[in-house]
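First the structure, in the form of structure tokens, and then the observations on it.
The values are calculated or read from the model by the stated rules, or taken from the named source; none is laboratory data. Computed from a predicted model, the values in this text were never measured in an experiment. Positions of Cβ are backbone-derived with ideal geometry, glycine not excepted, and every protein chain shown enters the neighbour counts.
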Amino acid sequence: MELTGKTIVITGASSGLGRGLALALSTRSNRLVVTARRGELLETLAAEIRANGSQALVRVNDATDSADCQRVVDETVTHFGPIDLAVLNVGGSPGVVMGETSVDTVLGLMRLNYDSLVNYLVPLIAVMRDRGGIIAHTSSPAGMFGLPKSGPYSAAKAAGRLLLDTCRIELAHTPLRFVSLYPGFTATEGLKTEEVPSPRLIISKDRAVKEMLWAIERERSHHIFPKRIAWPIRLGRMLPEPMRRWVLQRAVPAAPSRTR
Ligand SMILES: NC(=O)c1ccc[n+]([C@@H]2O[C@H](COP(=O)([O-])OP(=O)(O)OC[C@H]3O[C@@H](n4cnc5c(N)ncnc54)[C@H](OP(=O)(O)O)[C@@H]3O)[C@@H](O)[C@H]2O)c1
């Protein structure tokens, strides 16, 4: 897909990767719908988008509220017409250690990372399946297998990954395509740098945005980046689970137990 003159919805656009993507796409005469909860940040983003020559529609939205997401999809179609691309990008990952957390925290991360995807995915498929387009999801390498200190986040991103795998099969006969993006550690407002094993693993937001645009334009089903993250993840997925567990137990020190 050539990303010029298109109607594009970006969720989680008030900061980080979503904001970076919106700004990169704003120089190509697009119609951009930017959503998140922090309205003031979206308004300053919209001003930058318009200054760069694109149209902007701001929708303050809680992506964990299904009715509110349906409203945004409906209002986008009313305002701009058919949607060409949606980048479903809401998510986040505070480090959580199982055994040291609560039910509410674990389920809250599922709502933030999985419900926020589903709440847009279902209404978007309904309006995009006949005409086609691309639905992209900002997943994570953490969703490839269960990682220590990221269990609920890994589980939620894995659920989203599997759901899109099914979409690719069931909707293969339609012109709708699905792109799963797996950014490595990226310097955004959402990254907890203290949880990154080495600062050398962190890439810039601009680099991540370029990788995401590259994958969307080529309609890649899956894009893990950068390469120094992609290879260990691919290797890890090929290992039998007991061997992967052995490696990860040694790579990440065990959390201190409260009971000892
Ligand atoms: N940075 C990384 O290293 C990295 C690596 C892999 C994957 N990712 C994924 O990339 C995506 C973007 O993360 P980021 O690093 O750019 O972090 P970020 O700057 O914290 O961006 C998260 C965005 O999601 C929005 N958001 C959060 N909760 C929301 C809700 N309930 N309803 C609507 N919007 C909500 C936030 O806006 P408001 O607070 O204004 O609502 C913000 O715009 C996430 O899915 C994350 O899991 C990031």
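Taking the numbered list (1) small (Gly, Ala, Ser); (2) within 20 Å of Val60 (Cα to Cα); (3) not in a helix (DSSP H, G or I) in turn, Ser116 passes all entries but (3).
Does Val60 fit the bill of being of a type outside the set (S, T, N, Q), farther than 25 Å from His223 by Cα and in contact with a helix residue (DSSP H, G or I) (Cβ under 9 Å, 6 or more places away or on another chain)? Please lay out each step first, then the result.
Working: of a type outside the set (S, T, N, Q): yes; farther than 25 Å from His223 by Cα: yes; in contact with a helix residue (DSSP H, G or I) (Cβ under 9 Å, 6 or more places away or on another chain): yes.
For Val60, the condition - of a type outside the set (S, T, N, Q), farther than 25 Å from His223 by Cα and in contact with a helix residue (DSSP H, G or I) (Cβ under 9 Å, 6 or more places away or on another chain) - is met.
Residues that are surrounded by fewer than 19 Cβ atoms within 10 Å (Cβ to Cβ) and over 26 Å from Arg111 (Cα atoms) were ranked within segment 47-61; the one that is nearest to the ligand (Cβ to nearest atom) is Glu48. Taking segment 8-29, which residues are more than 17 Å from Cys69 (Cα to Cα) and either within 13 Å of the ligand (Cβ to nearest atom) or surrounded by fewer than 23 Cβ atoms within 10 Å (Cβ to Cβ) (or both)? The answer is Ser15, Gly16, Leu17, Arg19, Gly20, Leu21, Ala22, Leu23, Ala24, Thr27, Arg28, Ser29.
Scanning segment 174-183 for residues being within 10 Å of the ligand (Cβ to nearest atom) and out of contact with any strand residue (DSSP E or B) (no Cβ under 6 Å at 6 or more places or on another chain) gives a total of 1. Taken over segment 119-173, residues that are within 14 Å of the ligand (Cβ to nearest atom), assigned to a helix (DSSP H, G or I) and among the aliphatic types (A, V, I, L, M) amount to 7.
Could you tell me whether any residue of segment 96-108 is part of a loop (DSSP other than H, G, I, E, B), at pLDDT below 95, within 14 Å of the ligand (Cβ to nearest atom) and of a type outside the set (A, V, I, L, M, F, W, C)? Within segment 96-108 (the criterion being part of a loop (DSSP other than H, G, I, E, B), at pLDDT below 95, within 14 Å of the ligand (Cβ to nearest atom) and of a type outside the set (A, V, I, L, M, F, W, C)), the answer is no, since none of the residues qualifies.
Taking the stated definitions as given, is Asn30 modelled with pLDDT of 95 or more, over 20 Å from Tyr182 (Cα atoms), in contact with a Cys (Cβ under 8 Å, 6 or more places away or on another chain) and of a type outside the set (Phe, Trp, Tyr)? If you could, list the steps in order and put the result at the bottom.
Values: modelled with pLDDT of 95 or more: yes; over 20 Å from Tyr182 (Cα atoms): yes; in contact with a Cys (Cβ under 8 Å, 6 or more places away or on another chain): no; of a type outside the set (Phe, Trp, Tyr): yes.
Spelling it out, it is not the case that Asn30 is modelled with pLDDT of 95 or more, over 20 Å from Tyr182 (Cα atoms), in contact with a Cys (Cβ under 8 Å, 6 or more places away or on another chain) and of a type outside the set (Phe, Trp, Tyr).
Answer with yes or no whether Val87 is away from the ligand (no atom under 12 Å from the Cβ) and either closer than 26 Å to Arg161 by Cα or surrounded by fewer than 14 Cβ atoms within 10 Å (Cβ to Cβ) (or both). Taking the combined requirement at face value, the residue does not satisfy it. The helices (runs of 4 or more DSSP H) found entirely in segment 174-260 that carry 1 or more residues being at pLDDT below 95 are 227-238, 241-251. Looking at the structure I just gave you, is Glu2 in contact (Cβ under 8 Å) with a residue 40 or more places away in the chain and closer than 30 Å to Gln249 by Cβ? No. Restricting attention to segment 114-149, the residues that are of a type in the set (Ser, Thr, Tyr) and modelled with pLDDT under 95 add up to 0.
Could you tell me which of the residues Thr44, Thr78, Thr64 is near the ligand (Cβ under 10 Å from one of its atoms) and among the β-branched types (Val, Ile, Thr)? Before you say what the answer is, go through the steps one by one.
Numbers: Thr44 fails: near the ligand (Cβ under 10 Å from one of its atoms); Thr78 fails: near the ligand (Cβ under 10 Å from one of its atoms).
Among Thr44, Thr78, Thr64, only Thr64 is near the ligand (Cβ under 10 Å from one of its atoms) and among the β-branched types (Val, Ile, Thr).
Filtering segment 1-40 to residues that are assigned to a helix (DSSP H, G or I), farther than 21 Å from Thr78 by Cα and polar (S, T, N, Q) leaves only Thr27.
For segment 147-202: of the residues being at negative phi and basic (Lys, Arg), which is surrounded by the most Cβ atoms within 10 Å (Cβ to Cβ)?
Taking segment 147-202 first, the residues at negative phi are 147-148, 150-202.
Next cut, basic (Lys, Arg) only: 157, 161, 168, 177, 192, 200.
Working: Lys157: 28, Arg161: 18, Arg168: 15, Arg177: 21, Lys192: 11, Arg200: 9.
Across segment 147-202, the extreme among qualifying residues is Lys157.
Any residue in segment 84-96 that is among the aliphatic types (A, V, I, L, M) and more than 23 Å from Glu211 (Cα to Cα)?
In the first step, residues of segment 84-96 are kept if they are among the aliphatic types (A, V, I, L, M); the result is 85-88, 90, 96.
Next, only the ones that are more than 23 Å from Glu211 (Cα to Cα) stay: 96.
Within segment 84-96, one or more residues are among the aliphatic types (A, V, I, L, M) and more than 23 Å from Glu211 (Cα to Cα).
Does Thr7 satisfy the condition of being modelled with pLDDT of 95 or more and out of contact with any Phe, Trp or Tyr (no Cβ under 7 Å at 6 or more places or on another chain)? It would help to see each step written out before you state the result.
Numbers: modelled with pLDDT of 95 or more: yes; out of contact with any Phe, Trp or Tyr (no Cβ under 7 Å at 6 or more places or on another chain): no.
So Thr7 fails the test.
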